[in-house]
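Below: the structure, in structure tokens.
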Amino acid sequence: MADQDIQSILREDREFPPADSFVGKARIDAQRYQELCAQAEKDPQEFWANLAREHLHWHKPFKVVLDESDAPNYRWFSDGELNVSYNCLDVHLAERGDKTAIIFEGEPGDVRRLSYRDLHAEVCRFSNGLKALGIVAGDRVVIYMPMVPEAVVAMQACARIGAIHSVVFGGFSANSLRDRIEDAGARLVITADGGHRGGKVVPLKQATDEALASGCETIEKVIVLRRSGEDIPMKDGRDIWWHQAISGQSDRCEPAWLNAEHPLFLLYTSGSTGKPKGIQHACGGYLLNAKLTNLWVFDLQDNDVFWCTADVGWVTGHTYVAYGPLAAGATIVMYEGAPTVPDSGRFWKICQDHQVTVFYTAPTAIRALMKFGDEVPAAYDLSRIRLLGTVGEPINPEAWMWYRRVIGNENCPIVDTWWQTETGAIMITPLPGVTATKPGSCTHPLPGIFADIVDQDGNTVSDPDKGGFLVIRKPWPGMLRTIWGDNQRYLDTYWEKFGRRFYVAGDSARRDKDGYFWIMGRIDDVLNVAGHRLGTMEVESALVAHERVVEAAVVGRPHDIKGESIFAYVVLQGERPVGDEALKLVQELRGWVSKEIGPIARPDDIRFADNLPKTRSGKIMRRLLRTIAKGDEITEDISTLENQAILEQLRGTS
């Protein structure tokens, strides 16, 4: 990042206070919020300690709250003992045993419901099956599964016996799976014959076999769930069917009482170098932030049905599917497939059929579903939805407004959440019973989270028209502990930029005159146009504000004079224009952006495509877009790309 400040060019003045009807029933109201903030400001350690004692069951109570002796490798509640699975399941059996824990719908339409008692029994049986295979506390287990209840069972079972799980998203290739298995040194892989996605069967066992054929010498066993019914080969002595692994196993399994700092899971994220980073989270601190944010941010009540659409292969699926909602005693929805199978109303039909009340999804999904028109969601009864959320990237204001108007019927609060794999749980967000929201702003840090925006020298940026580095000034329980096997990379990536004074998120952000936080994009995605530092998200938001544009992604392209020029990929309502019509629309959009936010942000290049390149989780592959904009050859792994046929459009050759 150059010495110049990042300039903010987005202007958004609309504001929506929470409805009185919501405030009156909310878990956190303005008075409680002020009390929590005051407690956190007065004594952060005591603040977290009190919450940990109140919300978690401790087998051995902690006395040490925060161990800073090896900072920034912070340790929380380090002399206490607990079990995550016990806190998610056993604690509910007496009062909520018959309550539905999971409502599952497969892409083919099959539906299953598991009560807390059912889920507890399944987890115990599978835990005993793992132990029968010799898996013990500290062993690493890789989970490579479709989005089915057994994925949560596997995660909870690992947590119950102290095995460290690493979930690999089912859309990743055999090579990506192999890299993660080898880095973790896993003893066991849990997979399935296949999963349903986009009307096809994803061959998970086949990919597992490919990965294991070229390395992964630490793997001893492979457990395979029969899901798709595909005829697959099973290797004698290594492979075992799920139903065989649990056959004859007891539905009771005493939890392993683990130190709060015992690793719960590793989750690999893509690093800027291309080598994945194994983010390591600890049992006690992670679970505390996971549970609290489910209660506070999603205002979970006993009769809510909560649907977070994320796959468990991502951290959102860990915190807001597999762990946090269950620790809070909630009912969750799990859906296996794509949002457009058999048609673009699938998400809304699931919301209607299962009476979803709290809905949490990604801006990419919202924008993709917007382009099918308002009449699609209007065909379904969404009246039970009372709270909406977004996750994964900044949401542009026009998509936010559509979400509020069409899905929320203009009366649902929207919690636009900022957090990361590394933070473990939501950090900056509206509280639905407290915060007046602004379209596109994640608003304020939660109580106990000390976020700031600083310049190159680490000084707070107070000018609302200037952006800077988003940092967290004080440790929090749910933070990552290290990068598995590479603590120096942990220090270099997150702490060295400002002399280990605070955690560096890697995002650029600004704070407006009301103190609201606005994420401007990854620091790596900041454009340097003729000496001006511009956040990509703001240019994208301006493009999407045009009535013809559904979605946009902006990257930088080397320019001899300006340093970088702005290259925009645009998805439109209706058919993609060609010839003179396309040229005319390009000029119209360039003028539109210039009018909206200034000539400096006018795109030099605009390319139309039917879709943006996304992973199967809906994440835009921005590095791929930068490669195409430069005209370079694609050398990166594109196995997770949902639609590889889109590449020719992005190159401008079709």
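The values are calculated or read from the model by the stated rules, or taken from the named source; none is laboratory data. Just so we're clear, the structure is a prediction, and the values are computed from it rather than from any experiment. No Cβ is skipped: glycine too gets one built from the backbone with ideal geometry, and neighbour counts run over all protein chains shown. These area figures cover heavy atoms from the full protein model, side chains too; ligands, DNA and RNA do not enter into them. Shrake-Rupley method; radii C 1.70, N 1.55, O 1.52, S 1.80 Å.
Couple of notes before you dig in:
- Acute angle (nearest 10 degrees) that the helix 44-55 long axis makes with the longest principal axis of the chain, alpha-carbon atoms: 50 degrees
- Taking Cα atoms only, the orientation of helix 283-297 departs from the longest principal axis of the chain by about 60 degrees.
- Test item: Cα-centred dipole of segment 464-589, Lys/Arg +1 and Asp/Glu -1 on Cβ, debye: 880 debye
- Residue 460/residue 500 FRET efficiency (R0 22 Å; Cβ-Cβ; nearest 0.05): 0.80
- Whichever lysines have a C-alpha closer than 24 Å to that of residue 99, once near sequence neighbours (fewer than 8 apart) are set aside: 25, 291, 349
- When all alpha carbon pairs of segment 173-227 are counted in 10 Å bins from zero, the resulting P(r) reads 26, 54, 18, 2 %.
- Count Lys and Arg as plus one, Asp and Glu as minus one, and take only other residues whose Cβ is under 12 Å from that of residue 47; the net charge is then -2.
- Computed over neighbours whose Cβ is under 11 Å from that of residue 431, the net charge equals 0, Lys and Arg +1, Asp and Glu -1.
- Each helix, a run of at least 4 DSSP H residues, gives -39500 (n - 2.57); summed and divided by the residues of the chain, these come to -8000 deg cm²/dmol at 222 nm.
- Cross-link pairs 438/474; 497/595; 497/562 - those with Cα-Cα distance over 31 Å: 497/595
- Cross-link reach list, lysines versus residue 221, counting only Cα pairs under 23 Å and skipping chain neighbours closer than eight places: 131, 205, 235
- Overall shape: oblate for segment 215-274, with the ratio a/c of the largest to smallest alpha carbon gyration tensor axis at 1.5 or above and b/c at least equal to a/b.
- Rounded to the nearest 10 Å², the accessible area of residue 68 at probe 1.4 Å: 90 Å²
- Cα gyration tensor category, rounded, prolate or oblate, for segment 336-454 with a/c compared to 1.5: prolate
- Computed over segment 466-601, the quotient of the alpha carbon radius of gyration and 2.2 N^0.38 Å is 1.32.
- Residue ranges 230-236, 389-395 sort as 389-395, 230-236 when ordered by packing (mean number of other C-beta atoms within 10 Å per residue, highest first).
- Lys, Arg +1 and Asp, Glu -1 on Cβ, resulting dipole of the chain about Cα centre, debye, nearest 20: 500 debye
- 14 Å beta-carbon shell around residue 214, net charge (K/R +1, D/E -1): -3
- Once the Cα atoms are used to define both axes, helix 149-161 deviates from the longest principal axis of the chain by about 60 degrees.
- Compactness ratio for the chain: Cα radius of gyration over 2.2 N^0.38 Å (N = residue count) comes to 0.92.
- Debye log10 I(q)/I(0) at q = 0.11, 0.16, 0.19, 0.23 Å⁻¹ for segment 189-309, Cα point scatterers: -0.66, -1.23, -1.25, -1.19
- Paramagnetic reach from residue 405 (point 7 Å along Cα→Cβ, amide N under 19 Å) across segment 361-382: 363-380, 382
- Three-way shape label, segment 1-110, alpha-carbon gyration tensor, a/c 1.5: oblate
- Share of alpha-carbon pairs per 10 Å distance bin for segment 124-278, given as whole %: 11, 43, 36, 10, 1
- Partnerless cysteines in the chain, where a partner means another cysteine C-beta under 4.7 angstrom, comprise 37, 88, 158, 216, 283, 308, 351, 412, 442.
- Among 93, 312, 649 the positive-end extreme of the charge dipole of the chain (Cβ point charges): 93
- Note on exposure: 77, 172 ranked by accessible area (1.4 Å probe, complete protein assembly) read 172, 77, with the most exposed listed first.
- Cβ-derived FRET efficiency at R0 56 Å, residue 236 paired with residue 488, nearest 0.05: 0.85
- 37 °C / 0.692 mPa s Stokes-Einstein diffusion coefficient of segment 257-320, Kirkwood radius on C-alpha pairs, µm²/s: 243 µm²/s
- Magnitude of the charge dipole, segment 52-148, Cβ model with Lys/Arg +1 and Asp/Glu -1, debye to 20: 240 debye
- Divide the volume of the convex hull around the Cα atoms of segment 535-580 by the residue count and you get 95 Å³ per residue.
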